[in-house]
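Down below is the structure, laid out as structure tokens.
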Amino acid sequence: MFNKITNRIYYRPAEPYTDRPNVGLVTGEKYSLLFEAGNSAENVKKLKAELSEQGLPYPDFVAVSHWHWDHSFGLHAWDSVKIAGRKTNEKLLEVSRWKWDDASMAKRIENKDDIVFCSEMIKREYPDRNKICIVGADIVFDGILSIDLGGTVCELIHSKGPHSEDSVICYVPSEKVLFLGDSNCKDLYGKPWDFDIEHEEEFLDNIAAIPYDKELVEEYLAILDTLDFDYCISGHAGVLSRKELYDSFGE
Ligand SMILES: [Zn+2]
């Protein structure tokens, strides 16, 4: 179910079992935009059913926050206009050529092109990995893309940040709401950490032990400092106040 945050904004909470992310919906008088595509056609099917059941608009635009599979692999299943930042799109086109048999997936972990956590979650979300389909966007942008949805303006901003250098955030000034994607999270691809699917209870502790790149956090917060928002929604956690987000980076 999509939860209402303001009259113009909703979000569909994450489903951790197969790492499905939070999905945001920004509605205007003319158009609506979904922020995050979901991680599979099955995920998208459920999102479409919920939108329809709740009488919410089918999105005219679907924008992804960054290239990681859980945010982008559902993109092909939307017949909406697809939007991504340039770096995200370049990576999606590269990943669209990846193979998904066990040996190819294991090789990518060995080469550090992918990580154990994502590999395990992909196997869980896709009992049939032949169904994996990755597509690029219809609209690709650098810097900032501003979309007037009719009475609601949505700004997609290439924020970078500590998680992934292609990260894009979705800012809705009139509602003082900011969708972060995973931009505020740690770098799960670049920093070493362990994931064991037999011990999922250790997942949060393992993530907590990964250090932030302080320089990247500073650059990132310098961008967020310029935005007037009261609440933000990150990729997999609940709604945070501005203060809670800033406090989460520690000293
Ligand atoms: Zn991510």
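The values are calculated or read from the model by the stated rules, or taken from the named source; none is laboratory data. Because the structure is predicted, anything quoted here is derived from the model rather than measured. Every residue, glycine as well, gets a Cβ built from its backbone with ideal geometry; the counts of neighbours run over all protein chains shown.
Residues considered: Leu156, Leu56. Of these, the only one that is surrounded by fewer than 22 Cβ atoms within 10 Å (Cβ to Cβ) and under 23 Å from His236 (Cα atoms) is Leu56. Going through the range 175-209 one residue at a time, which ones are more than 14 Å from the ligand (Cβ to nearest atom), in contact (Cβ under 8 Å) with a residue 12 or more places away in the chain and under 16 Å from Ser248 (Cβ atoms)? Across the range 175-209, the qualifying residues are Leu178, Ala209.
Scan the range 231-249 for residues that are part of a loop (DSSP other than H, G, I, E, B) and surrounded by fewer than 13 Cβ atoms within 10 Å (Cβ to Cβ) and report the count.
Count: 1.
Given the options Ile169, Ile144, Ile122, name the one that is crowded, with 22+ Cβ neighbours inside 10 Å, at pLDDT 95 or above and either under 29 Å from Ser32 (Cα atoms) or within 16 Å of the ligand (Cβ to nearest atom) (or both).
On the way: Ile144 fails: crowded, with 22+ Cβ neighbours inside 10 Å; Ile122 fails: crowded, with 22+ Cβ neighbours inside 10 Å.
Exactly one residue qualifies, and that residue is Ile169.
Scanning the range 78-112 for residues that are β-branched (Val, Ile, Thr) and touching a residue at least 60 places away in the same chain (Cβ under 8 Å) yields a total of 2.
Taking the range 238-251 as the range and being in contact (Cβ under 8 Å) with a residue 40 or more places away in the chain, out of contact with any Cys (no Cβ under 6 Å at 6 or more places or on another chain) and closer than 13 Å to Leu180 by Cα as the test, the residues that pass are Gly238, Val239. Condition check: crowded, with 19+ Cβ neighbours inside 10 Å and assigned to a loop (DSSP other than H, G, I, E, B). Does Ala137 satisfy that? Considered against the rule, which asks whether it is crowded, with 19+ Cβ neighbours inside 10 Å and assigned to a loop (DSSP other than H, G, I, E, B), Ala137 comes out as yes. When Lys186 is tested against (1) surrounded by 24 or more Cβ atoms within 10 Å (Cβ to Cβ); (2) within 30 Å of Asn206 (Cα to Cα), just one condition goes unmet, and that condition is (1). Exactly one residue out of Gly38, Gly24 is over 18 Å from Leu92 (Cα atoms), buried (at least 24 other Cβ atoms within 10 Å of the Cβ) and at pLDDT 95 or above, and it is Gly24. Filtered by the rule that a residue be among the hydroxyl-bearing types (Ser, Thr, Tyr), farther than 15 Å from Gly235 by Cβ and assigned to a loop (DSSP other than H, G, I, E, B), the range 174-215 gives a lone residue, Tyr212. What do you reckon, is Arg97 touching a helix residue (DSSP H, G or I) at 6+ places or on another chain (Cβ under 7 Å) and farther than 23 Å from Val153 by Cα? Considered against the rule, which asks whether it is touching a helix residue (DSSP H, G or I) at 6+ places or on another chain (Cβ under 7 Å) and farther than 23 Å from Val153 by Cα, Arg97 comes out as no. For the range 104-111, the criterion of being at pLDDT 95 or above, part of a helix (DSSP H, G or I) and either charged (D, E, K, R) or in contact with a strand residue (DSSP E or B) (Cβ under 9 Å, 6 or more places away or on another chain) (or both) is met by at least one residue.
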